[in-house]
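Before any comments, here is the structure.
The values are calculated or read from the model by the stated rules, or taken from the named source; none is laboratory data. Quantities reported herein were computed from a predicted structural model and do not represent experimental measurements. As a convention, Cβ positions derive from the backbone with ideal geometry for all residues, glycine included, and neighbour counts pool all protein chains shown. The accessibility values were calculated without ligands, DNA or RNA, using every heavy atom of the protein model including side chains. Shrake-Rupley method; radii C 1.70, N 1.55, O 1.52, S 1.80 Å.
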Amino acid sequence: MTVPAATWNPPAPQHGAVILTRTWRIVVYGDAVPRGARLYVALGPASLAEGYERLFPFLEAQRLCHRHVRTPELLRQLESLAAWAGKSVAVDPPESADPEELAGALDELLAGAGLTGPSLIAGARPFGGRTGLVFIRRAEPRPEQGGARHWLARLLGEGRPGHAPRGLGVHG
């Protein structure tokens, strides 16, 4: 399997584990399965590296499971798929976290940087805020069966025919 070269070197987590697929860099903390609302940061390809570098210290400090598209080139490819377009960074906070508060914190980290991204993404509502780059998707509680491995398999697109862009490497 060939893995595209990263156009920037994202920081390594101090506490979490990194899982690399051809499309995603996934950072997980512990063995807990995230259950709360999913937050998306809709960065455009030109803003991906700078936006992620602004977000990562906060995500690491809070130990929030998340993923981001590995390169701007891959993000451009995802833009042609309606279900994946604009979802450059996905954050899976724990069920106990307040998604509105967390979205506000992410928005504040990105404010004033001149970052760009889409104004709409499928399956989520805009948070608003100062940047217009943060979106919230309320999630149904995930089933207990399978635990973290089942959640990771779903995150990687396994077992969900038609939902993952296989040609873009979501299957790792």
Task: Against the rule of thumb 2.2 N^0.38 Å, how large the Cα Rg of region 17-156 comes out - done: 0.97
TODO: With a 1.4 Å probe and every protein chain kept in, tell me what percent of the accessible surface of region 17-156 is carbon plus sulfur.
DONE: 52 percent
TODO: At 7 Å along the Cα-to-beta-carbon direction for both Ala122 and Asn9, put a label point, then send me their distance in nm to one decimal.
DONE: 3.6 nm
TODO: Considering the options Ala49, Ile19, Gly128, tell which one lies farthest towards the positive end of the dipole of region 17-156, charges being +1 on Lys and Arg and -1 on Asp and Glu at the Cβ, about the Cα centre.
DONE: Ile19
TODO: With a 1.4 Å probe and every protein chain left in place, tell me how much accessible area Tyr29 has, in Å² to the nearest 10.
DONE: 20 Å²
TODO: Give the long-range amide H neighbours of Cys65: residues separated by 5 or more places, or on another chain, with amide H under 5 Å away, using H modelled in the peptide plane at 1.01 Å from N.
DONE: Tyr29, Asp92
